[in-house]
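Reviewing the structure listed below.
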Amino acid sequence: SGGRGRGRGQGVQLPFSPPQQLPQRDARRLEAEWHDLLNQFEAPAAQFVDFQTVVDGDAQPWAGEGGEESAASDSPSGEAPTLAPTSATAVGAAGRAAERRRSRELTQAALQAREGEAASARLAEATLAEGRKVKEAREKGATSALATLAAPIEKAGGLGVCRSGGEGETSSVGRLRLELLQRYFVRSREEGQFSPLGAAAYRVPVDVASAVVALRSPGAKVDDGSACGWPPLHLALLRGESHLQVVQLLLASGCNATDPPARLEYATPLMLCAEGQLGQAAELLLLCLPPSQLEAAANVRSQEGVPLVSVCAQWASDEAAAKVCRRLVECRADPSCRSRAGLSPQVMAARSGNAATAAALAQLTEKLTDGAREGLDAAAAGQPPVVRRATRRGRGGKNKS
């Protein structure tokens with residue numbers, strides 16, 4: 001059976017030939033040591049010599065019945081048996097195999113992640129391309145509608161109607177929205193139905209001198225537009241950035257820069273700037289608003305439930321949209337807020353073909369998310385959390401810390 005009963009006279013061949021110059025006494029000693037070594041194992045000599053066969057077959061020739069390993073494990077001293085060389089080789093081979101499997105799994109996961117990123121990039125590029133087409137179609141349609149509204153030009157008491165726009169405006173969609181608001185929501189077109197300041201703010205072409213005279217007249221109220229239903233600031237914004245000087249004058253005079261007119265509750269001055277794509281006017285308003293009113297003013301929604309930052313993200317000029325969106329987020333607007341339809345500002349920017357705006361909103365959202373996470377980690381560690389805008393939104397939009 002095994003090699004335990006094998007004696008020296010059984011003629012077991014050495015797995016090597018002793019050198020010819022080796023003395024006979026040394027050769028006999030070497031052969032005796034070889035036989036003694038074989039007697040310690042139950043595996044055949046061929047299996048013992050082939051270590052790979054021992055490892056692959058999971059054989060343990062050193063753990064025979066009643067062998068030294070069993071005796072060591074049962075010894076009173078409780079010392080662990082010494083790990084045989086073949087066992088160490090088997091463990092090492094198993095570890096290397098597990099490492100190779102793990103490496104293959106990681107490589108496959110990395111390839112899948114890369115494929116997912118490539119698919120997301122292709123989808124984003126397709127969305128931007130489609131958005132650019134939609135934006136071009138909107139501009140063409142708005143230009144055609146503006147031509148229809150402008151013929152004929154109505155005159156009423158010297159004020160004029162449907163004449164918004166100026167050098168700073170490039171979007172037909174913005175001009176069209178402002179002119180539709182004028183046509184359908186300004187109650188009167190007769191100059192007598194306006195206060196002197198309201199008439200001066202609404203007059204076409206712009207008449208800054210008349211606005212200054214009206215402000216200096218006795219009893220003049222900077223927020224009174226009279227029967228037309230619109231304050232002078234809103235009337236000037238409806239005319240577009242051609243009336244930017246009048247807007248500056250009214251803001252310097254301390255007009256209300258946050259409230260909407262009574263008839264149109266969503267039409268705050270900032271929302272009018274967003275709807276009309278008035279970047280310079282929006283910047284003026286944000287500069288003049290007191291800090292206590294900035295957050296509420298920057299987080300208003302349109303009549304359709306679209307946040308202010310999402311309306312601005314869809315502007316015709318990608319550069320202007322990105323600039324005003326960054327400015328709104330600086331004023332505590334939420335870059336991750338969603339519309340009533342569940343769309344984020346970043347998605348709405350991409351659907352309008354504004355790649356720079358979408359990238360800026362993604363970066364701003366990531367920064368605020370990281371800031372909120374740092375605040376939570378600090379709170380868990382028992383340290384005072386760093387006050388950040390992202391954490392304030394989670395508590396109703398106000399800083400209670």
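With r as the distance between the Cβ atoms of residue 363 and residue 104 and R0 = 22 Å, compute the FRET efficiency 1/(1 + (r/R0)^6) and round to 0.05.
Working: r = 35 Å, r/R0 = 1.60.
The calculated FRET efficiency here is 0.05.
For residue 189, no residue whose modelled amide H falls within less than 5 Å of its own remains once neighbours fewer than 5 places apart on the same chain are excluded. Applied to region 245-255, the Karplus parametrisation 6.51 cos²θ - 1.76 cosθ + 1.60 on θ = phi - 60° returns per-residue 3J(HN,Hα) values of 5, 5, 4, 4, 5, 5, 5, 5, 8, x, 6 Hz, with x for Gly and Pro.
Rounded is the label for region 263-352, because a/c, from the alpha-carbon gyration tensor with a ≥ b ≥ c as root eigenvalues, stays below 1.5.
When you filter the trypsin sites (Lys or Arg not before Pro) in region 215-261 for DSSP loop state and at most 15 other Cβ atoms inside 10 Å of their Cβ, you are left with 221.
Give the distance, in whole Å, between the Cα centre of region 236-256 and the Cα centre of region 199-220. So the separation of the two Cα centres works out to 11 Å.
Taking a point 7 Å from the Cα of residue 258 along the Cα-to-Cβ direction, the residues of region 287-308 with backbone N closer than 20 Å to it are 287-303, 307-308. Computed packing ranks the peptides 331-340, 285-294 as 331-340, 285-294, most packed first, by mean other Cβ atoms within 10 Å. Annotation: extensible slack from residue 221 through residue 143 equals 24.4 nm (criterion: 0.36 nm per residue apart, minus Cα-Cα distance).
With both labels modelled 7 Å from their Cα along Cα-to-Cβ, the residue 187 to residue 119 distance reads 5.8 nm. Taking amide hydrogens as placed 1.01 Å from N in the peptide plane, the amide H of residue 207 sits under 5 Å from that of no residue at least 5 positions away in sequence or on another chain. Electrostatic tally near residue 126: other residues with Cβ closer than 12 Å to its Cβ, Lys and Arg +1, Asp and Glu -1, net +2. Computed 3J(HN,Hα) for region 301-306, one whole-Hz value per residue from the Karplus formula 6.51 cos²θ - 1.76 cosθ + 1.60 where θ = phi - 60°, is 10, 7, 5, 8, x, 8, glycine and proline marked x. The gain in end-to-end length when the residue 266 to residue 337 segment is fully stretched comes to 23.8 nm, 0.36 nm per residue minus the alpha carbon separation.
Bear in mind that the values in this text are calculations on the coordinates, not laboratory data. None of the values given here were measured: they were computed from a predicted structure. Positions of Cβ are backbone-derived with ideal geometry, glycine not excepted, and every protein chain shown enters the neighbour counts.
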